[in-house]
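What follows is a single structure, written as structure tokens, with notes after it.
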Amino acid sequence: MSIRLESNQTTQEKRKAVFNELQEQIKNIKEIQEKEQVFKEDDKQNILREDNENYREPLSIEKEEIIKILLSWGGGEDGFKLTFKDDELLRGVYYCADWGEYEEVELNEDELSLIYDFYLYGEKP
């Protein structure tokens, strides 16, 4: 990653930096895919992704599941999102969305337990 997020940056500056980094990563992936395709079409030796200086080997590939508890919808929407990995509750947020605007607030440990027990009866559906 070539960016640094600093605590003195505004939210907008951080989002812009992350967006620019995303664009750079997408560009790199497309370039690597194009090179791979050219080698396949020319029937030459296989090019290894690892040989490309812009290739980033993933440290891991993980699956998380989000359970959405919708409390309202329509002109405005709100609810909770609980994130699980391997059936373990990792985190949760309360969110509000209204006409293209979205904001969420992280639940603390007590709030997370309360929501989990209240809506899911302590069991993942």
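Nothing in this text is a laboratory measurement; each read-out follows from the coordinates by a stated rule. Owing to the predicted nature of the structure, the values given are computational and were not obtained by experimental measurement. Heads up, the Cβs are rebuilt from the backbone with ideal geometry, glycines too, and the neighbour counts pull from every protein chain shown.
Quick look at the numbers
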| read-out | value |
| --- | --- |
| Fewest-first sequence of Lys30, Lys14 by Cβ atoms within 10 Å of each Cβ | Lys30, Lys14 |
| Angle between the chain longest axis and helix 11-41 axis [Cα atoms, degrees, rounded to 10] | 40 degrees |
| Peptides 72-80, 98-106, 86-94, 55-63 ordered by average Cβ neighbours within 10 Å, highest first | 86-94, 72-80, 98-106, 55-63 |
| Structure-derived Rg/Rh (Cα atoms, Kirkwood Rh): which label, when the choices are [x] 0.93; [y] 1.01; [z] 1.12 | [z] |
| Residues in the stretch 93-125 that a label on Gln12 would reach, taking backbone N under 18 Å of a point 7 Å out along Cα→Cβ | 101-103 |
| Helical contribution to [θ] at 222 nm, DSSP H n ≥ 4, -39,500 (n - 2.57), averaged over the chain, rounded to 500 | -12000 deg cm²/dmol |
| For the chain, size of Cβ-based charge dipole, Lys and Arg +1, Asp and Glu -1, in debye | 380 debye |
| Non-local Lys pairs in the chain, i.e. 8 or more apart or on different chains, that have alpha carbons under 19 Å apart | 12 |
| Long-range HN-HN contacts of Leu107 with modeled amide H, under 5 Å | Gly92, Val93, Tyr94 |
| Rounded tilt (10° steps) of 109-120 against the dominant C-alpha axis of the chain | 80 degrees |
